[in-house]
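Engineer: Sharing a structure with you now.
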Amino acid sequence: MIFPITFSIPEAKIIEVISRRKKKFLSNLIPGKPETYIYNTEQKYNNEYQQSFFAVTMKKAGWDCLRHYEIIANGCIPYFIDIESCPENTLKLFPKDLIKKGNKIYLKYKDKKLDSTKTSICFGLIDKLIKYMREHLTTKKMAEYILNKVNKKDVKSILFLSGITEPDYLRCLTLHGFKEIFGSNCHDHPQIKHLYKMDNYDYSKLYGKGFTYTNLLDLEKRNDVLDLTVEEDIKNKKYDIIIYGNYHRGMPYFELVDKTYDKENIILLCGEDIHKCESNTWDKKGYNVFVREM
């Protein structure tokens, strides 16, 4: 089966108290304009959204973009350019209807002075977006969504395999969700080091300066000893399910996994901006495939 999936965001990144004293109608941070990318720390980046009612976002190489989630998580409304053109099954889990309402509010108010009535309407939409995000778009909720879709609610252990360990938003955020639920019973191999809290790791050199998706997990959530027995553990079916974080970017041990596990217990993720359509091939062979850009 092929299922839609989107990015998600760690629940800890969602603002607890929305500022009621915003300074800007529209954020100064504009995608596609590098001169506005002036924020060197995650807190300063988040503050820019927190003090704004709206922030511009748009399709990049793919429709799904972590920026959409960061804007909402900081109590701001995405002004999503051309969202009406987004395919039905892309951004399937994203609150597109609420975003379209936000676009209309932005266009209606952008050249007018905000009074208490207008700000009340904006804050009402922000509250709805935050509520939707907590209910559907946290990393933990996305992991639960995957398990529900493949009818694996009784899973107790997971092997999460990656071909490469460089940042991959869908892989990293989805893995974080599974680690939040299962802890060390979800074993990432090889270790996705930038997800973990390490004093000697320079997260700022990673893609997107490491904002939002790095430095999240306590090292206690991983059992390094399991790296020594991955092949034997696959042969012995130690894990209930096997997840590949991005099948386009490498599938270690796949021949062994495929021989040992039923296809219904193998889950493939694709977080590519431009999907290469191999999901149809995997689907026809009976695997569960989750695709970001449908």
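Engineer: Could you list all residues from segment 71-98 that are buried (at least 24 other Cβ atoms within 10 Å of the Cβ) and either more than 21 Å from Thr139 (Cβ to Cβ) or not polar (S, T, N, Q) (or both)?
Structural biologist: Ile71, Ile72, Ala73, Gly75, Cys76, Ile77, Pro78, Phe80, Leu91, Phe94
Engineer: If you don't mind, another one. Could you list all residues from segment 177-192 that are surrounded by 14 or more Cβ atoms within 10 Å (Cβ to Cβ) and not in a helix (DSSP H, G or I)?
Structural biologist: Cys186, His187, Asp188, His189, Gln191, Ile192
Engineer: Next question. The conditions are (1) in contact (Cβ under 8 Å) with a residue 24 or more places away in the chain; (2) assigned to a helix (DSSP H, G or I); (3) not β-branched (Val, Ile, Thr), and Lys131 fails exactly one of them. Which is it?
Structural biologist: Status for Lys131: all satisfied but (1).
Engineer: Would you check which residues across segment 134-176 are part of a helix (DSSP H, G or I), of a type in the set (Gly, Ala, Ser) and under 16 Å from Glu264 (Cα atoms) and list them?
Structural biologist: none
Engineer: What's the number of the condition Gly62 fails, among (1) surrounded by 16 or more Cβ atoms within 10 Å (Cβ to Cβ); (2) more than 19 Å from Lys141 (Cβ to Cβ); (3) modelled with pLDDT of 95 or more?
Structural biologist: (3)
Engineer: Filter segment 227-257 down to the residues that are surrounded by fewer than 16 Cβ atoms within 10 Å (Cβ to Cβ) and more than 27 Å from the chain's Cα centre (by Cα) and list them by number.
Structural biologist: Answer for segment 227-257, where residues must be surrounded by fewer than 16 Cβ atoms within 10 Å (Cβ to Cβ) and more than 27 Å from the chain's Cα centre (by Cα): Leu228, Thr229, Glu231, Glu232, Lys235, Asn236, Lys237, Lys238, Glu255, Leu256.
Engineer: State all residues of segment 86-100 that are part of a helix (DSSP H, G or I) and within 20 Å of Gln50 (Cα to Cα); if no residue qualifies, say none.
Structural biologist: Of everything in segment 86-100, those that are part of a helix (DSSP H, G or I) and within 20 Å of Gln50 (Cα to Cα) turn out to be Leu98, Ile99.
Engineer: Pairs under 6 Å by beta carbon, first residue small (Gly, Ala, Ser) in segment 229-247, partner assigned to a helix (DSSP H, G or I) and buried (at least 16 other Cβ atoms within 10 Å of the Cβ), six or more apart or different chains?
Structural biologist: Gly245/Arg171
Engineer: Under 6 Å between Cβ atoms, which residue pairs at least 6 apart in sequence (or on different chains) link something in segment 1-25 that is within 15 Å of Ile126 (Cα to Cα) with a partner that is aromatic (Phe, Trp, Tyr)?
Structural biologist: Listed by first residue and then by second, the contacts come to Lys22/Phe53; Phe25/Phe53.
Engineer: Kindly list, by first and then second residue, each pair from a residue in segment 199-226 that is closer than 18 Å to Ile9 by Cα to a residue that is of a type in the set (S, T, N, Q) and surrounded by fewer than 19 Cβ atoms within 10 Å (Cβ to Cβ), limited to pairs with Cβ atoms under 8 Å and residues at least 6 apart or on different chains.
Structural biologist: As it stands, the answer is Tyr203/Asn215; Lys209/Asn40; Gly210/Ser204, since those pairs meet every condition given.
Engineer: Another question about this same structure. Would you confirm whether any residue within segment 43-50 is under 22 Å from Lys112 (Cβ atoms) and either outside any loop (DSSP other than H, G, I, E, B) or of a type in the set (Gly, Ala, Ser) (or both)?
Structural biologist: Yes: one or more hits.
Engineer: Quick one: in segment 100-138, of everything that is of a type in the set (S, T, N, Q) and either touching a His at 6+ places or on another chain (Cβ under 9 Å) or over 16 Å from Gly75 (Cβ atoms) (or both), which residue is surrounded by the most Cβ atoms within 10 Å (Cβ to Cβ)? Give the steps one after another, and end with the answer.
Structural biologist: Our first condition is that a residue be of a type in the set (S, T, N, Q); within segment 100-138, this holds for 103, 116-117, 119-120, 138.
Subsequent filtering for residues that are either touching a His at 6+ places or on another chain (Cβ under 9 Å) or over 16 Å from Gly75 (Cβ atoms) (or both) retains 103, 116-117.
Working: Asn103: 18, Ser116: 7, Thr117: 7.
Among residues in segment 100-138 that are of a type in the set (S, T, N, Q) and either touching a His at 6+ places or on another chain (Cβ under 9 Å) or over 16 Å from Gly75 (Cβ atoms) (or both), the one surrounded by the most Cβ atoms within 10 Å (Cβ to Cβ) is Asn103.
Engineer: Condition first: touching a residue at least 12 places away in the same chain (Cβ under 8 Å) and within 30 Å of Thr281 (Cα to Cα). Can you find one or more residues in segment 26-49 that meet it?
Structural biologist: No: segment 26-49 contains no residue that is touching a residue at least 12 places away in the same chain (Cβ under 8 Å) and within 30 Å of Thr281 (Cα to Cα).
The values are calculated or read from the model by the stated rules, or taken from the named source; none is laboratory data. Please read these numbers as outputs of a predicted model, since none were measured by experiment. Here the Cβ is made from the backbone with ideal geometry for all residues, glycine too, and neighbour counts use every protein chain on show.
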